[in-house]
Each structure stands twice: as structure tokens, then as C-alpha cells.
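Notes to accompany the following structure.
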Amino acid sequence: MSSDVNAWRNVAAATGRADRAAAEAGVRRAYRTAGLTEPDRIIWAASPRAAVETVEKLTDAGRSVREEVRTRPWAAERRRMYDELGPSGWAALWSATGAQLWETTAALAERIRTGVAADLASGTGEEGAVRLVLLDAVLGQHDAAWLAAFDGRGDRLAGLAEVARSAGWWWPYEHAVVITERPDVLHRDEAGRLDHGEGPALAYGDGFSLYAWRGMPVPAAFLAELPSLTPERVRAEENAELRRVMLEYYGYDRYLTESGARPVHRDETGVLWRIALDGDEDVVMVEVVNSTPEPDGTYRTYWLRVPPATRTAKDGVAWTFGLEGAAYAPLRQT
């Protein structure tokens, strides 16, 4: 059976209750494969945050066996495949499988780590301690990228893959395992970044949540405020990154119109608008009218955001085509 990248993509993005029986069977298999005695206890937690709290309270769990359960088997299988396929063959395999999932899943895992540390730590020292606990985790579904590269190529990682298909992060110790449910909610944009304007972009059943707009972390209260935005509120926001989010949500064209912005240049291609923002670059846009009428006979207006240094409407339109203004001379503007 060959690796199905889309199937592993679905694993990484899976939400809803874990298949606990399958996950626990996978854990036991991973221990046996590593030559370890199966754990005495398997403890479920609602989220990675809850799991860290559980791990910190564990007694008689023994040392972490992540090295034996996850790190060594992975390294051995990678070496085996590398020796079997050669450098170019291994590179081709990784490119066709894990590389397609790596960036988005690694970024999501780091966002979760950061969110857990921020929730549980009240100081720098405490954050370091939480991060150390997080380093003991096997990432379950979020290990989908590298598991995809080995799918169907041997049984040594079968236990790890079974857990990944069935549950979230897990912490293996000599005598106990702490394992998490998958998230209830996951919203991402077309680039795979956390993104949701009407609530958490990632949420677990116990309330642990991450809020984001096109990948940028934002406070929950900030998102709740977006539907009632006004130009005055946008201008009053001191954080430049949050102000950009406000502008994207509100609409640059609407903001320019309602802010009383004035055109700074007109020519045959359109109208250049500019509005200054304290502590941030100017918002500069070109207003162009489609020369082809809509079915109802009207002409649609488009707003194109262009670099702040743009000085003429023609330069702005040309920039959207990757040209200099002097080189832009369309026979017909559409």
C-alpha cells in the first residue's frame, strides 16, 4: 500500500472525539515495538493544556520513554529508507509525501505549544518548565507529515500511526501515558494558517482555544469587536498589526470612502487614493473601473492596494502586473 498524502492531510486536520480504543491499542503496540512493557495506566485529557497539567501531577509514572517509542524508530526507519532509495530517491519520496504537509502541521504544533505555555505560565521561568513538558509529547495527528513518508513501507511505526489516526498529542512514560482528545474546531485559510473571524480558529472540548486572523494570533475580545468597527476605532488602534487586521476585515475601499480620504492622482487608468496611519505605512489604493459592462449594464469598480511609494494611478496599476508605469500601455483595460 502506497502512502496517501490526502489521507494524512485529513488526519492532521481531524476534529471530533478520539477513537479511544484504537488509540490505546496503538500506544500499546508502540511500546511493544520499542521493546518496552506496556504502560500500566492510560489517562485521557481534553486538550494539550489539560495534558500538561495532568503530566505535572503524575506520580510513579517513571521517566519519559519518548526516545524509545518515537525518536529511535523514526530515525532507524529514515536511515533504512535512505539507504534503500539513495539520496535522490529519499528526497523524491519526502517531496511527494511529508514535505506537502510539513510546513502547516509544524506551524500548527508550534502555535499550540505557544498557546499552552501562555495559558499555564505566569512568568518566564514557568514558561520554560511548561515548554520542557511539551518536549516530552509525541504529536499524534500532528505527526502526520513524517508518518506519511513511511506509510505502507513497514510495520515499525504502525503503532505510532494508529495513535495519530485516532487521537491527538500523547506523553509516554515508563508506567503511564497521558493522551489527548483531538480539537473540536479547526478553521484555516487557503494557505493552511489558523484563520477565523467569528470565534476560535482552534478549540478543544475543555475550552483551550487559539484565536487567529490569517495566521496572526489575536485576542478573543478583539475578534468580538470586529463586526462593530468604525473608521475612528481603526485609527485609534495603537497596535499596527491589529490595525491591519481591522482594515482587512472592514475593507480598505470602505475605510477609504468612510474616512474622507481624497484622491491624490487621476489619469486614464484610474484614481490613486492615500490615507496616512499613525505608526504604520500609508494605505494607498488605486480605484479602477472595469471597461467591460456587467450583464445589467453597470461597470464594476475595483480597489487595488499598491505600495505606499506609488505616486500615480498608472504606476499602481502597472505594479499589479509586475511592470513599471512607463511600460504599462494596455490596448484595452479590463
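Would you confirm whether any residue within region 228-236 is open to solvent by 60 Å² or more (accessible area, probe 1.4 Å) and hydrophobic (A, V, I, L, M, F, W, C)? Break it down stepwise before answering.
Kept after step one, since they are open to solvent by 60 Å² or more (accessible area, probe 1.4 Å), are these residues of region 228-236: 228, 232-233, 235-236.
Subsequent filtering for residues that are hydrophobic (A, V, I, L, M, F, W, C) retains 236.
Looking for residues that are open to solvent by 60 Å² or more (accessible area, probe 1.4 Å) and hydrophobic (A, V, I, L, M, F, W, C), one finds at least one in region 228-236, hence yes.
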Going by the conditions given, is ASP296 farther than 19 Å from THR230 by Cα, open to solvent by 50 Å² or more (accessible area, probe 1.4 Å) and of a type outside the set (A, V, I, L, M, F, W, C)? yes
Would you tally the residues in region 116-158 being surrounded by 21 or more Cβ atoms within 10 Å (Cβ to Cβ), small (Gly, Ala, Ser) and outside any loop (DSSP other than H, G, I, E, B)? 5
All-but-one check, VAL177 against (1) open to solvent by less than 40 Å² (accessible area, probe 1.4 Å); (2) touching a residue at least 40 places away in the same chain (Cβ under 8 Å); (3) in a helix (DSSP H, G or I), failing number (3)
Filter region 255-277 down to the residues that are within 24 Å of VAL245 (Cβ to Cβ) and in a loop (DSSP other than H, G, I, E, B), then identify the one that is most open to solvent (accessible area, probe 1.4 Å). GLY260
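The rows are residues; the columns are (1) open to solvent by 40 Å² or more (accessible area, probe 1.4 Å); (2) closer than 27 Å to PRO183 by Cα; (3) free of Cβ contacts under 8 Å to residues at least 24 places away in the same chain; (4) not in a loop (DSSP other than H, G, I, E, B).
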{"position": "PRO39", "(1), (2), (3), (4)": "no, yes, no, no"}
{"position": "VAL52", "(1), (2), (3), (4)": "no, yes, no, yes"}
{"position": "LEU93", "(1), (2), (3), (4)": "no, no, no, yes"}
{"position": "GLU103", "(1), (2), (3), (4)": "yes, yes, no, yes"}
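Among ALA14, ALA61, ALA76, ALA30, which is closer than 24 Å to TRP102 by Cβ, in a loop (DSSP other than H, G, I, E, B) and touching a residue at least 12 places away in the same chain (Cβ under 8 Å)?
Working: ALA61 fails: closer than 24 Å to TRP102 by Cβ; ALA76 fails: in a loop (DSSP other than H, G, I, E, B); ALA30 fails: in a loop (DSSP other than H, G, I, E, B).
Among ALA14, ALA61, ALA76, ALA30, only ALA14 is closer than 24 Å to TRP102 by Cβ, in a loop (DSSP other than H, G, I, E, B) and touching a residue at least 12 places away in the same chain (Cβ under 8 Å).
Looking for something in a loop (DSSP other than H, G, I, E, B), open to solvent by 30 Å² or more (accessible area, probe 1.4 Å), at pLDDT 95 or above and among the charged types (D, E, K, R) - is there at least one such residue anywhere in region 42-49? Full working, then the answer.
Of region 42-49, the ones in a loop (DSSP other than H, G, I, E, B) are 46-47.
Okay, now just the ones that are also open to solvent by 30 Å² or more (accessible area, probe 1.4 Å), so 46.
Subset that is at pLDDT 95 or above: 46.
With the extra rule that they be among the charged types (D, E, K, R), the set shrinks to none.
For region 42-49, residues in a loop (DSSP other than H, G, I, E, B), open to solvent by 30 Å² or more (accessible area, probe 1.4 Å), at pLDDT 95 or above and among the charged types (D, E, K, R): absent.
The values are calculated or read from the model by the stated rules, or taken from the named source; none is laboratory data. Nothing here was measured: the structure is a model prediction, and the numbers come from that model. When we count neighbours, we look across all protein chains shown, and the Cβ atoms used for this are built from the backbone with ideal geometry, even at glycine. Accessible surface is based on the protein model in full, side chains and every heavy atom, while ligands, DNA and RNA are left aside. Shrake-Rupley method; radii C 1.70, N 1.55, O 1.52, S 1.80 Å.
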